[in-house]
Amino acid sequence: MPINPQTLAAARNGTATREQLAELLSLTDPADIAELHAAAYATKKETVGTVVHFRGIVEFSNVCVKDCLYCGIRKSNTAVERFTMTEDEIVEAALWAFESEYGSIVIQGGERQDAPFVDFIERALLRIKKESGGKLGVTLSLGEQSLETFQRWYAAGAHRYLLRIESSNRELYQTLHPETHTYDERIAALSDLRTAGYQVGTGVMIGFPGQTALDLADDVLFFRDQDIDMIGMGPYIVHEQTPMAATATEDFDGEANLDLGLKMIAVTRLVLRDVNIAAATALQALNPTGRELGLQAGANIIMPNITETKYRSAYQLYNGKPCLDENSTMCRGCLQRRIDSIGETIGFNQWGDSPHFAKRTSK
Ligand code: 5AD
Ligand code: FES
C-alpha cells in the first residue's frame, strides 16, 4: 500500500496526529520508506540545506554517577576501566578541531555534579574560548546539573547543551532508569537549560523494548512542543554488561532499529523542519554507511570523534561502536569522502546554528 498522501501532507504542514505520525513510522515497504526519506530530504533542502555541519566530539570521561539500565558506562558496571582526560588533553582536542576547521565541538562525558568537576569544566571552557579567540563553538553533553552550574558553564563559553529525554513517555522513561532517576528532574533540567540561555538539544533512544510507534510519534510531538533547537537521537543497541541486556538481547534486531532510526529522522525533519538533526554514530554501529543514510533521511549534523584513540575503547555506551582504532585525522578524511559520496558539502569554520534557534530568539 503506498503512503497515504494526506498523511504525508499533514506531517509536512504540522497538522499530523500522533496516529498519522505512527503510520509513517510503521511503514515497511522499501518503496514507501524511500518516498518518506525523499520527502524529508526535500524539506531539509528547503530549510537547512545540504551543507553538513561538524561537531567534533570529545568523550573526555566515563566516570558517571548515574546508573541508566541501558548504558555501558553506568556506575555499576565494574568491568569498565574509568578514565578522565586532563584539562590539557581536552583543550588540545578542541584546538585540533579548531585548526581542522570544524567550527564547533561537543564536550561529552559521564554525569558528575561535585564542585571540583564543575570547576574543571569551567576552566576547560575558559581556556578553549581564549585559545580559539572565541571562535570555536562549544556544546556540552554532561547530563543533569543545577541551574547555577548551567549558568556558570554558559558564562564560561558554552552555548549549546544536549540532554536527551530518552523517552518522552514517563512510564517508559522509568523502565530505562532506576527509581532515583526521575522524569520530572529531566524535564526540569531541560527547562533550566532554556532559562540559562542555551540552544537546547534533546532526543530519544529508538527501538528499545516496550516502545511502540505511537510512543515515537509522541516523542516527535514532544520535540515540537518543547520548541527544541537541535535533535540527537539514535537507535538503541544492546550493551552486554547492562541490566537491559537480559531482556533486550533475544529480541534485538539491529536492522529494524536502523530502519526505525532513519524513519524517526525523516518524520522529525518533516514535522520540525528547521532544526538541526544529528546523524548519530549509533547508526553506523548498525550499518557501515549508517550516518550517510541518516543524512539522506533528513539529518544535517555529524559528530566526528576527536577523542584521543587511547581512550576510545573505554567509552562504549553500546556494542559495536565504530572508529575505536582510528584517530581524529583519519575520521576527518573518512567523513569527507563519505559526504562527498552523497553529493553534500561540509560547512567548515561555521557554527551552523539551526535556523530554528535564530527565529526563536528574534521573536
Ligand atoms: N544504545 C544506544 N544509545 C545509548 N546511549 C547510552 N546507551 C546507549 C545504548 N545502549 C545514549 C543515550 C545517552 C547518550 C549519551 O548515549 O541516549 O543520552
Ligand atoms: Fe572515524 Fe570513518 S569516521 S573512521
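Order the following by accessible area, largest value first: Trp351, Trp153. Probe radius 1.4 Å; ligands, DNA and RNA are ignored. Please list the in-between numbers first.
Working: Trp351 85, Trp153 0 Å².
Correct descending sequence by accessible area is Trp351, Trp153.
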Inset, instruction - Mind listing the lone cysteines of the chain, meaning no other Cys beta-carbon sits under 4.7 Å from theirs? - result: Cys64, Cys323, Cys331, Cys334
Legend entry - region 180-322: C-alpha pair distances exceeding 18 Å, %: 59
Inset, instruction - Report the calculated FRET efficiency for Thr15 and Ser341 (r = Cβ-Cβ distance, R0 = 35 Å), to the nearest 0.05. - result: 0.45
Legend entry - Test item: Cα-centred dipole of region 230-363, Lys/Arg +1 and Asp/Glu -1 on Cβ, debye: 680
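Could you tell me what percent of the DSSP beta bridges with both partners in the chain are antiparallel, to the nearest 5? If you can, show how the numbers build up before the last one.
On the way: 1 of 31 bridges.
Around 5 percent antiparallel, to the nearest 5.
Treating the beta-carbon of each Lys and Arg as +1 and of each Asp and Glu as -1, no other charges, what is the dipole magnitude of region 1-134 about its Cα centre, to the nearest 20 debye? Before the final figure, lay out each step's value.
Details: 14 positive and 20 negative charges, 59 e Å.
For this selection, approximately 280 debye.
Starting from the alpha-carbon convex hull of region 112-172, give the projected area averaged over all orientations, in nm².
Mean projected area for region 112-172: 4.7 nm², to one decimal.
List nothing, just return the count: lysine pairs in the chain, 8 or more apart or interchain, with Cα separation under 19 Å. Could you put the intermediate results ahead of the total?
Numbers: Lys44/Lys263; Lys44/Lys359; Lys45/Lys263; Lys45/Lys359; Lys66/Lys75; Lys310/Lys321.
Lysine pairs satisfying the spacing and distance rule in the chain number 6.
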Inset, instruction - Compute the separation of the alpha-carbon centres of region 3-77 and region 164-205 and state it in Å as a whole number. - result: 17
Inset, instruction - Could you point to the residue in Thr307, Gly320, Pro235 farthest towards the positive end of region 216-363's charge dipole, with +1 and -1 charges on the Cβ of Lys/Arg and Asp/Glu respectively? - result: Thr307
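At a 1.4 Å probe, what is the % contribution of carbon and sulfur to the accessible area of the chain?
On the way: 7610 of 14440 Å².
Accessible surface attributable to carbon and sulfur in the chain totals 53 percent.
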Legend entry - Total charge dipole magnitude, the chain, about the Cα centre, Cβ charges on Lys, Arg, Asp, Glu only, Debye to nearest 20: 1020
Inset, instruction - Tell me which residues come under 5 Å, amide H to amide H, from Val106 once H is placed; ignore anything under 5 positions away on its chain. - result: Gly56, Ile57, Val58, Thr139
Legend entry - Charge dipole of region 53-112 about the Cα centre (unit charges at C-beta), most positive-ward option of Thr86, Leu69, Phe54: Leu69
Legend entry - Solvent-accessible heavy-atom area per residue, rounded to whole Å², over the chain at 1.4 Å: 40
Inset, instruction - Leaving ligands, DNA and RNA out of it, work out the accessible area of Thr139 with a 1.4 Å probe and give it in Å² to the nearest 10. - result: 0
Legend entry - Protein-only accessible surface order, largest first, of Met264, Met303 at 1.4 Å: Met303, Met264
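Rounded to two decimal places and with Rh computed the Kirkwood way over Cα pairs, what is Rg over Rh for the chain?
Ratio of gyration radius to Kirkwood radius: 0.93.
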Legend entry - Summed side-chain charge close to Ser76 - residues other than Ser76 whose Cβ falls under 11 Å, Lys, Arg +1, Asp, Glu -1: +2
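Roughly how large, in nm² to one decimal, is the mean projection of the convex hull of the alpha-carbon atoms in region 142-242? Provide the component values of the computation, followed by the final result.
Numbers: hull surface 27.1 nm².
Computed as one quarter of the Cα hull surface, the answer is 6.8 nm².
The values are calculated or read from the model by the stated rules, or taken from the named source; none is laboratory data. If you're wondering where the values come from, they're calculated on a predicted model, not measured in any experiment. For neighbour counting, all protein chains shown are included, and Cβ atoms are generated from backbone atoms with ideal geometry for every residue, glycine included. All accessible areas refer to the heavy atoms of the entire protein, side chains included, with ligands and DNA or RNA removed. Shrake-Rupley method; radii C 1.70, N 1.55, O 1.52, S 1.80 Å.
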